[in-house]
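Heads up, the thing below is written out as structure tokens.
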Amino acid sequence: MSYGKRLAGVAALALGLGVGATAQAVEITIATVNNADMIRMKNLSDQFEKKYADIELDWVVLNENTLRQRVTQDIATGGGQFDVMMIGTYEVPIWAEKGWLNELDFSDSYDVGDLLDPIRKGLSYEGDMYAAPFYGESTMTMYRQDLFDEAGLSMPANPTWGDIYERAQQLHKPDDDQFGVCLRGKPGWGQNAALVSTMVNSFGGRWFDMDWQPQLDTAAWHHAVSFYVDLLGNYGPPGASSNGFNENLSLFSGGKCAMWVDATVAAGMVTDPESSQVADEVAFAQAPHAVTEKGSKWLWSWALGIPSSTQKPEAAQKFVAWATSKEYTRLVAQKEGWRNAPPGTRKSLYQNPKYQKAAPFADKVLDAIQAARPQDSTLKESPYVGVQFVGISEFQGIGTSVGQQLAAALSGSKSVEQVLKSAQRSTKRTMKRSGYYDN
Amino acid sequence: MVNQARWQRVGWGVAAWLVALLMFFPIYWMIMTSFKTEAAAVSTPPSIVPMEPTLQNYETVFEQSDYFRFAWNSVVISLGSTMLGLLVAVPAAWAMAFIPSKRTKPTLLWMLSTKMLPPVGVLVPIYLLFRDWGLLDTLFGLTVVLMLMNLPIIVWMLYTYFREIPKDILESARMEGAGLWQEVVYILLPISLGGIASTVLLNVILAWNESFWSLNLTSSDAAPLTAFIASYTSPEGLFWAKLSAASTLAIAPILILGWFSQKQLVRGMTFGAVK
């Protein structure tokens, strides 16, 4: 055989092996939202590909609403475009019930017992886990210690909404571009409706009674919404009805808000000197409550789930286990410091002295998450699971519609009385159409 | 009298500049924000120019995403859908312009009316067809959909240009023995080249900027620049500067193309508007 022919033979063999190796590698597509923790995971994912050389990762990063719509559409039609998807506490039980998600099965080394109980329960359906938490959050009060000191004020560790109101009155100085309090006002079930839900819970109200009749025209809703409109309308920033998480984050980080009640995940952001002008001045307290503490702190988790339409469940399960493991937390700490470890999912993180030192807000976050009870979040009994949402598929529409009404009340275009009457009517209509009752 | 006319001209000039500045301001703001830090991007009062300009956002965007893959997909989809559209639209517009029947006008109106239907109305059927035909997340699938979406506009524009061409010219060619193919290729297309160029430009711009179908029918392999921008919006976290950098990169090619071809574009869009 000539040299040339032998060379050609070797090349063909090498090519064949190469093709064989490529054919063996499984590519999984991961759909995720864009935020700092997820981007960090994407950047560190080459470690996973090193560990599992037979799995390649393909990322689809979308904004939250598009992701939800794409993923719902894909699962409902069995499109099979995604193998792993980032979903929230709201979707998991609903989708699991419909059979859209694969049940997760972890080895002992994953240590399911280390997951924070409320988070684990929130991602379970009939006792089985259908998504693994990537990070978790509750709500807390963030405030400017320097402004409090200047005004001779203090913040109770577990404030009431009345405490917040009094302090907002005293610290509201719009002429100096300083506003008493920042709260979510942007319409949406995950925006203003989420915050107002926790307020309604703590004012003794609920979305539905045990017969699924809406309760939006009750005294508790009136008190809570009137209080919210009064507080944010008089002592909040102008145009508060357009402010969601990000807008308030930029206001607070820019030194414009004396207090901000929002997701605990913000704690790491407002204390980051690279993006916050008030990083050294921020202090923390529990989320406010009113007549009851029940349901005053929400519970949310961004979690990784595997759609039942995936063709590669084993590879997907391996990735989910890796990205939500203790090993991954250690990897983040090693590469980017303990402060950036994904919060709100594992007990071991909060027991770690290095994390406690790096994240001074850690104990408040843990307390808030541990205190959240999605199964028992209202003073009077209610038929649903969820603190800042109602765990039924109709809630996205209901929450957003009520959120629009709340924004109208906040902007002053409608009275609280009007919006609650209208919200009650539209919610009842939706529930009736969905077959909860006939009249 | 002369003075009055001059002042009028100056007034119109100033008004035109003001409108132009107003329209360009968001683009200017986006470009400036892309050179700011995240903290500076959200600071109030905002600064018109970055105080400490940084390229960090561009570095991050290039690090996190494969910009050139998205850009390549955009090029393929926008050019592909335009060329495919022309192949269908030139014969259609020729037939409607030169051998109209009593159904031509209703057909044209019907074609235009399909643009009035919200795309989401046909999302599920198209998604299911794409799933069954294996076209989800493929360049071919998205190219065909965008071609179909923009086809009414291409047909309408070409029809308008073709109608301006005197039929006598085509008849003379026919009398000289030209066949249909020769008539179209050697007479019709060269005469209406300006109109075709502006149709192509407009369609490329529409396809480049299209986001609804791009976001819904692609995930990674065929995702164009609109999906690339969407990946920089965030529910929790400040990404304004990075989002601005991504948006600047996404619009840069089409902005440059539009800049250099604005004469043809304006001429084409106003062609036949004034008689």
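At a glance:
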item: Residues satisfying the stated conditions in the range A:426-439, i.e. surrounded by 11 or more Cβ atoms within 10 Å (Cβ to Cβ), out of contact with any Gly (no Cβ under 7 Å at 6 or more places or on another chain) and free of Cβ contacts under 8 Å to residues at least 60 places away in the same chain; result: A:426, A:429, A:432, A:434
item: Test: residue A:66 is of a type in the set (S, T, N, Q), more than 10 Å from every other protein chain (Cβ to nearest Cβ) and closer than 15 Å to residue B:127 by Cβ; result: no
item: Lone qualifier among A:76, A:96, A:132 - being of a type in the set (A, V, I, L, M, F, W, C) and more than 26 Å from residue B:128 (Cβ to Cβ); result: A:132
item: Cβ pairs under 7 Å, 6+ apart, first in the range A:328-345 and at pLDDT 90 or above, second charged (D, E, K, R); result: A:329/A:346; A:332/A:40; A:338/A:354; A:342/A:37; A:344/A:137
item: Number of positions in the range A:29-58 that are within 12 Å of another protein chain (Cβ to nearest Cβ), part of a helix (DSSP H, G or I) and of a type in the set (D, E, K, R); result: 3
item: Wholly enclosed helices (runs of 4 or more DSSP H) of the range B:179-254 bearing at least 3 residues closer than 30 Å to residue A:72 by Cα and away from chain A (no Cβ under 14 Å); result: B:193-209
item: Qualifying position, being within 14 Å of another protein chain (Cβ to nearest Cβ), in a helix (DSSP H, G or I), within 27 Å of the chain's Cα centre (by Cα) and aliphatic (A, V, I, L, M), among B:61, B:19, B:88, B:76; result: B:61
item: Of all residues making up the range B:91-134, the number that are away from chain A (no Cβ under 14 Å), of a type in the set (A, V, I, L, M, F, W, C) and either touching a strand residue (DSSP E or B) at 6+ places or on another chain (Cβ under 7 Å) or assigned to a helix (DSSP H, G or I) (or both); result: 13
item: Complete set of residues in the range A:250-277 that are touching a strand residue (DSSP E or B) at 6+ places or on another chain (Cβ under 8 Å) and either of a type in the set (Phe, Trp, Tyr) or over 21 Å from residue A:337 (Cα atoms) (or both); result: A:251, A:252, A:255, A:256, A:257, A:258, A:259, A:260, A:261, A:262, A:263
item: Sole residue being loosely packed, with under 15 Cβ neighbours inside 10 Å and either polar (S, T, N, Q) or under 20 Å from residue A:309 (Cα atoms) (or both), chosen from A:69, A:47, A:73; result: A:47
item: Flag for residue A:238 being modelled with pLDDT under 95, of a type outside the set (S, T, N, Q) and surrounded by fewer than 19 Cβ atoms within 10 Å (Cβ to Cβ); result: yes
item: Odd one out for residue B:149 among (1) within 14 Å of chain A (Cβ to nearest Cβ); (2) among the aliphatic types (A, V, I, L, M); (3) in contact with an Asp or Glu (Cβ under 8 Å, 6 or more places away or on another chain); result: (1)
item: Residue check, residue A:99 among the small types (Gly, Ala, Ser), modelled with pLDDT under 95 and under 26 Å from residue A:348 (Cα atoms); result: no
item: Filter result (within 14 Å of chain B (Cβ to nearest Cβ) and out of contact with any Leu (no Cβ under 9 Å at 6 or more places or on another chain)) within the range A:281-300; result: A:300
item: Residue in the range B:31-40 that is away from chain A (no Cβ under 14 Å), polar (S, T, N, Q) and either outside any helix (DSSP H, G or I) or under 29 Å from the mean Cα position of the chain (by Cα) (or both) present; result: yes
item: Residue list for the range A:80-122, filter: outside any helix (DSSP H, G or I) and surrounded by fewer than 19 Cβ atoms within 10 Å (Cβ to Cβ); result: A:80, A:99, A:103, A:105, A:106, A:107, A:111
item: Matching residues, the range A:397-425, being polar (S, T, N, Q) and either buried (at least 18 other Cβ atoms within 10 Å of the Cβ) or in a helix (DSSP H, G or I) (or both); result: A:400, A:401, A:404, A:405, A:411, A:418, A:422, A:424
item: Residue in the range B:45-55 that is outside any loop (DSSP other than H, G, I, E, B) and not hydroxyl-bearing (Ser, Thr, Tyr) present; result: no
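The values are calculated or read from the model by the stated rules, or taken from the named source; none is laboratory data. This one's a predicted model, so the numbers in the text were calculated from it and none came from an experiment. Ideal geometry is used to build each Cβ from the backbone, glycine not excepted, and the neighbour counts take in all protein chains shown.
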